[in-house]
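The values are calculated or read from the model by the stated rules, or taken from the named source; none is laboratory data. This structure is a prediction, so every number in the text was calculated from the model and none was measured. When we count neighbours, we look across all protein chains shown, and the Cβ atoms used for this are built from the backbone with ideal geometry, even at glycine. What goes into the accessible areas is simple: the full protein's heavy atoms, side chains included, and nothing from ligands, DNA or RNA. Shrake-Rupley method; radii C 1.70, N 1.55, O 1.52, S 1.80 Å.
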Amino acid sequence: MTTAPASSSRRNLLRFGLLGGAALATVGLTASLTGCSADAPAAGFSQLRDGDLPLLRRLIPVILDGAVPPPAPPDATAATLAGIDRAIAHLSPALATQVLQLFDLLTLPVTRGPLTGIWGDWTSASDEQVRAFLGRWEGSRLMLLRQGYSSLLQLTLMSWYSQPQAWAACGYPGPPTV
């Protein structure tokens, strides 16, 4: 039995860890230099920043497509945004920082284009472009991108299904009354 595959695998893991760390450090440095990461929360939110809102307003309807029966409630996106904000507020500080760094990674033009394939603003991205981005991240060979996809999906779906307006559509009568 040879040890080449184990050392090769270990080498790949170290290389991936270094590249991922360098990418996050670059995003963090770029965000801090541009003032993106130091933004105060947007009006009406405790965690989400103005720069995060166009991204999330574009992602939410695509992620909820199929989860929300047509016609979608007009305030489904707003309710989900509020739920995402509450969810981030209840995360540990370290995890909340990572979620906001993910949003920075997806909103900064220098990283958004290469990582998502969306070279313009999020507001001008089509549903097909957003689905293609999500599909690439879901099936990526890179664990970091798959984890980013999973985080976006879980955060959005948990925030939607925590809303009372989502309960009737899935047959949930709501929490028991005491």
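Summary of values
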| read-out | value |
| --- | --- |
| Sole exception among (1) touching a residue at least 60 places away in the same chain (Cβ under 8 Å); (2) open to solvent by 60 Å² or more (accessible area, probe 1.4 Å); (3) of a type in the set (Gly, Ala, Ser) for ALA166, by number | (2) |
| Boolean, THR116 is touching a helix residue (DSSP H, G or I) at 6+ places or on another chain (Cβ under 6 Å), among the β-branched types (Val, Ile, Thr) and either surrounded by 15 or more Cβ atoms within 10 Å (Cβ to Cβ) or closer than 20 Å to VAL99 by Cα (or both) | yes |
| Residues of region 105-126 classified as in contact (Cβ under 8 Å) with a residue 60 or more places away in the chain and under 15 Å from the mean Cα position of the chain (by Cα), total | 5 |
| Cβ-Cβ under 6 Å pairs, at least 6 apart or on other chains, region 69-83 side free of Cβ contacts under 8 Å to residues at least 24 places away in the same chain, far side β-branched (Val, Ile, Thr) and surrounded by 14 or more Cβ atoms within 10 Å (Cβ to Cβ) | THR77/ILE60 |
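Okay, residues lined up against (1) touching a Phe, Trp or Tyr at 6+ places or on another chain (Cβ under 8 Å); (2) of a type in the set (Ser, Thr, Tyr); (3) touching a residue at least 60 places away in the same chain (Cβ under 8 Å):
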| residue | (1), (2), (3) |
| --- | --- |
| GLU128 | no, no, no |
| ARG136 | no, no, no |
| GLN147 | no, no, no |
| LEU153 | no, no, yes |
| SER159 | no, yes, yes |
